[in-house]
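Right, one structure below, let's go through it.
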């Protein structure tokens with residue numbers, strides 16, 4: 001199982017963005033990450049800054065953590081590519097149709113993922129994939 005450290009995640013995104021800007025060849029995962037970075041121009045200057053790897057993104061700092069946000073995009077993209085948990089791809093597609101974009105659907109799913117991870121950490125249990133999918137389905141079926 002791949003379990004990178006905070007520093008490895010931050011290095012991955014800053015190095016991916018450096019390579020993208022330099023026109024260097026990217027791995028498939030880097031290419032996917034670069035696509036998400038392009039979707040988030042608000043993070044691009046920060047990712048180009050070598051000091052960003054050391055930045056504090058605590059809730060008290062009042063800043064969105066671009067590394068966490070982009071990591072969640074990659075995780076959700078992987079879940080969609082393998083339809084895991086089963087049914088997430090269908091729920092995503094319904095959500096994207098309802099919201100008008102796949103990117104907005106990913107942000108909605110991100111909120112569901114964050115809630116399920118928070119609950120798992122609070123209860124010291126594995127994430128509840130059934131609850132995760134139910135949260136996404138609920139968002140997809142809202143009128």
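The values are calculated or read from the model by the stated rules, or taken from the named source; none is laboratory data. This structure is a prediction, so every number in the text was calculated from the model and none was measured. Neighbour counts are summed over all protein chains in view; Cβ atoms, including those assigned to glycine, are modelled from backbone coordinates with ideal geometry.
If residue 78 satisfies all but one of (1) within 24 Å of residue 139 (Cα to Cα); (2) surrounded by 14 or more Cβ atoms within 10 Å (Cβ to Cβ); (3) not assigned by TED's automatic domain parsing to the domain that holds residue 132, what's the number of the condition it fails?
(2) is the only condition that residue 78 fails.
Scan region 17-40 and give yes if some residue there is loosely packed, with under 12 Cβ neighbours inside 10 Å, closer than 21 Å to residue 113 by Cβ and touching a helix residue (DSSP H, G or I) at 6+ places or on another chain (Cβ under 9 Å), otherwise no.
No - not one qualifying residue is present in region 17-40.
Return yes when residue 129 is free of Cβ contacts under 8 Å to residues at least 12 places away in the same chain and surrounded by fewer than 16 Cβ atoms within 10 Å (Cβ to Cβ) and no when it is not.
Judged against the criteria, residue 129 is not a match.
Is it true that residue 61 is more than 26 Å from residue 139 (Cβ to Cβ) and surrounded by 16 or more Cβ atoms within 10 Å (Cβ to Cβ)?
So residue 61 does not fit the description; no.
Please list, ordered by first then second residue, the pairs with beta carbon atoms under 9 Å, 6 or more apart or interchain, first in region 25-40 and assigned by TED's automatic domain parsing to the domain that holds residue 102 and more than 12 Å from residue 73 (Cα to Cα), second surrounded by 14 or more Cβ atoms within 10 Å (Cβ to Cβ) and modelled with pLDDT under 95.
none
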